[in-house]
Amino acid sequence: MTNPDTRLPVLAPRISIEIDAVARFGLATAQARSAVIRSLALHHAGEAAIEGAELHLWSEPEVLRPRQWRIERIAPGARLAIDDLAVALDPVPLATLEAAEPAMLKLELRQGGQVLARAAQAVTLLARDEWGGLGEMAHLLPAFLRPDAAVASGLVEEAAALLAQAGRGVADGYRAQDPARAWMQAAAVWS
């Protein structure tokens, strides 16, 4: 379990955890495997190198699968950027949300049995059918259009007519296994 042991003492080696995560996410974010963390770094302002530490990440409530990074060494005065920012969201609890609710992303840098640094960032969990807006979630808007929605079938019919008029065949989705066809169909839908 990666949740913190509140009995562990927090040392003060003058190291800080810097996290920049999206402000809101939900089921569509999990299904699209969109990035939740934009940047993550450790800044060491102490005087002695830190070796053999682990950076732990988890969320409360548990919608993010816990993640750990092994920190081999961070020199005094150094800023260590974490490059592998992939974290997995658990779609099951996100699929049951009826309304937005607050959550926390929590981090601890641990070495042996001691906590060297802690950080947290507040986020908002969105209801399963809620879109977060253009700011951070513009790329997820298509996830909220169901193929069986009446407006979708009308759009597909109009796009198919445009393709036929242009002599470009039928709207067959991805069945043609041709990315150029998919782009052409997307352009017809846009038109």
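Just so it is clear, none of the values below were taken in a lab; they were calculated from the coordinates. Note that the structure is predicted; figures quoted are calculated from it, not measured. When we count neighbours, we look across all protein chains shown, and the Cβ atoms used for this are built from the backbone with ideal geometry, even at glycine.
Derived scalar couplings between HN and Hα for the range 119-132 equal 8, 8, 9, 6, 9, 10, 8, 8, 4, 4, 10, 9, 9, x Hz in order, rounded to whole Hz, by the Karplus curve 6.51 cos²θ - 1.76 cosθ + 1.60 (θ = phi - 60°), x for Gly and Pro. Annotation: amide H-H contacts under 5 Å for residue 35 (H modelled 1.01 Å from N, sequence separation of 5 or more, or interchain): none. For the range 66-120, GluC sites (Glu not before Pro) meeting the loop criterion (DSSP other than H, G, I, E, B) and having at most 12 other Cβ atoms within 10 Å: 98.
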